[in-house]
Amino acid sequence: MILYNVTTSLDPEIADQWVAYMRDTHMPEVMETGFFLKSQLCRLLNEEDGGVTYASQYYCVSLEQLEEYQRVAAPALIKEIEKHFGGRYASFRTMLEVVD
């Protein structure tokens, strides 16, 4: 199992709007691509300097499946987030292997 984690630091002024967009629009759209089995949104508790940081997490069965998602579906979805929140957040992505 592969965990695709997108960590996003936000301008605190847009945090509520961003969370609503992620829950109501973006994460359902990511799941509709069919590449992932489940998703979750987590808020970091150890934030510094009054920042607001979230981790959007998506689980898929293989690294190849994740790479296909990144090639086929991710660019358009990222473009939509930029359209709504461009310049008011910073994200980085990590790929993790789930070890049981």
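Quick look at the values:
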{"read-out": "Cα→Cβ-extended label distance, 7 Å offset, between MET31 and ALA90, nm", "value": "3.1"}
{"read-out": "Protection proxy ranking of 15-21, 90-96 - average other beta-carbon atoms within 10 Å, highest first", "value": "15-21, 90-96"}
{"read-out": "Theoretical FRET efficiency, 1/(1+(r/R0)^6), r = Cβ-Cβ of GLU97 and ASP16, R0 30 Å, to 0.05", "value": "0.35"}
{"read-out": "TYR59 - accessible surface, heavy atoms, 1.4 Å probe, Å² rounded to 10", "value": "40"}
{"read-out": "Accessible solvent surface per residue of segment 2-95, calculated while the other protein chains remain in place, 1.4 angstrom probe, Å²", "value": "59"}
{"read-out": "Relative contact order of the chain, pairs being alpha-carbon contacts under 8 Å that are 6 or more residues apart, as %", "value": "50"}
{"read-out": "Whole-percent carbon and sulfur share, accessible surface of the chain, 1.4 Å", "value": "50"}
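The values are calculated or read from the model by the stated rules, or taken from the named source; none is laboratory data. Being a predicted model, the structure only gives us computed values, none of them experimental. Neighbour counts are summed over all protein chains in view; Cβ atoms, including those assigned to glycine, are modelled from backbone coordinates with ideal geometry. The protein model used for the area step is the full one, side chains on, heavy atoms only, and it has no ligands, DNA or RNA in it. Shrake-Rupley method; radii C 1.70, N 1.55, O 1.52, S 1.80 Å.
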